[in-house]
Amino acid sequence: MIWKKLSESIDVTHFTSKSHSQQIYLKKIKAKKKSKAPVTIFLFHDMASYHGRFMNMISWFQVQHPEVSFVMMDFLGHGLSSGTRGHITKFSDLVDDTASVFEMLNKDSNEQWVALGHGVGALALLDLINRFDSEVKDKIDKVILSNFFLNFPSVLLQLQNKIFENFPIVSNALKTSRPVEIYLPEEILSDSHEQGLYLEDPLIVRRPTHQTLKIVTAKVKSIYQDAYFLDRPTLLLKSESPYLIGRAMDSFAKGLKKGILTEKKYSNLKHDLYNERDNISVFNDIAEWVQS
């Protein structure tokens, strides 16, 4: 893997996706301060998003906890990775690329790796921990999962799903259709300034394809049992969001082994936790838990 240096602390590269021979974007932000017990946080974004949505959190850590490093990947068809914008053929494609990140990077013996997934990024991490052999997943010491029981209550989407089921010939044509705009700025962010920045961001996917929404919805329905397989310290972050399924995260938490779970709930924050008005409380909770 050949890294390109953007600055003294930032390196970027691309690697080839195992599934589609597309180029996957990877960014590494080095710690500003050396530590005897270094920490690297791996960040995996939500559907329709990309690595840049974590920059507010990284900027805060660089001031408050400069000994922490970060690694970020853009999923296939998102951000600076190649592929059809907002289109995922199979969920396993995302999981394979997520696993590649951990396979390709070397971990020091005294280093702690923390994997953080938001929304679809959290679903990918759960799948990785359940599917992959210990050589990959054992590199991950702690897991942070936020807002991952996703729900897209669209009448048009439900109609297309019925067509998929009843008319297979038509379904192929609908796979790349883009039925609904998801993550409206006023529904995921409280601050009008942040809403404006979100609308102006050219790397945000406004309308993912129907196939993407379909496979994400299917994956959500199958992860309740995944709680039983988590065997490392886990932090669950949950906010108020119309894109979440009711008490699903509470039900998921009940399935975790005793002693590994920490939960944080933010009734005053919307879906995009890392760019919300009061996101400092989220950053503090993450920092304190990582160091505990």
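Structural remarks
- Search result, residues across the range 1-56 that are in contact with a Pro (Cβ under 7 Å, 6 or more places away or on another chain), surrounded by fewer than 17 Cβ atoms within 10 Å (Cβ to Cβ) and closer than 29 Å to H271 by Cβ: none
- Among the candidates S281, S251, residue that is within 14 Å of F148 (Cα to Cα) and either assigned to a helix (DSSP H, G or I) or free of Cβ contacts under 8 Å to residues at least 24 places away in the same chain (or both): S251
- S292 vs. criteria more than 29 Å from V39 (Cα to Cα), modelled with pLDDT under 95 and among the polar types (S, T, N, Q): no
- Elements of type helices (runs of 4 or more DSSP H) in the range 67-142, at least 3 residues being crowded, with 18+ Cβ neighbours inside 10 Å: 91-104, 120-131
Listed here are the residues, each with its yes/no results for (1) modelled with pLDDT of 90 or more; (2) farther than 25 Å from N275 by Cβ.
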position: K175; (1), (2): no, yes
position: I188; (1), (2): yes, no
position: I215; (1), (2): yes, yes
position: Y228; (1), (2): no, yes
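- Cβ pairs under 8 Å, 6+ apart, first in the range 217-236 and charged (D, E, K, R), second outside any helix (DSSP H, G or I): D231/K257; D231/I260; R232/I140; R232/D141; R232/K142; R232/V143; R232/I260
- Considering the range 6-31, the residues that are at pLDDT 95 or above and among the charged types (D, E, K, R) include one that is nearest to W60 (Cα to Cα), namely K30.
- Residue pairs whose Cβ atoms lie under 7 Å apart, sitting 6 or more positions apart in sequence or on different chains, and linking a residue in the range 88-107 that is of a type in the set (G, A, S) to a partner that is at pLDDT below 95 and not in a loop (DSSP other than H, G, I, E, B), are A99/L128; A99/V136.
- For the range 143-155, the candidate set comprises residues that are surrounded by fewer than 23 Cβ atoms within 10 Å (Cβ to Cβ) and among the polar types (S, T, N, Q); within that set, the residue that is modelled with the lowest pLDDT is S154.
- Filter result for S59 (in contact with a Ser or Thr (Cβ under 9 Å, 6 or more places away or on another chain), surrounded by fewer than 24 Cβ atoms within 10 Å (Cβ to Cβ) and not acidic (D, E)): no
- Taken together, the residues in the range 255-291 that are closer than 16 Å to Q64 by Cα and touching a Pro at 6+ places or on another chain (Cβ under 9 Å) amount to 1.
The values are calculated or read from the model by the stated rules, or taken from the named source; none is laboratory data. Predicted, not measured: the structure shown is a model, and the values here were computed from it. Backbone-built Cβ (ideal geometry, glycine too); neighbour counts: all protein chains shown.
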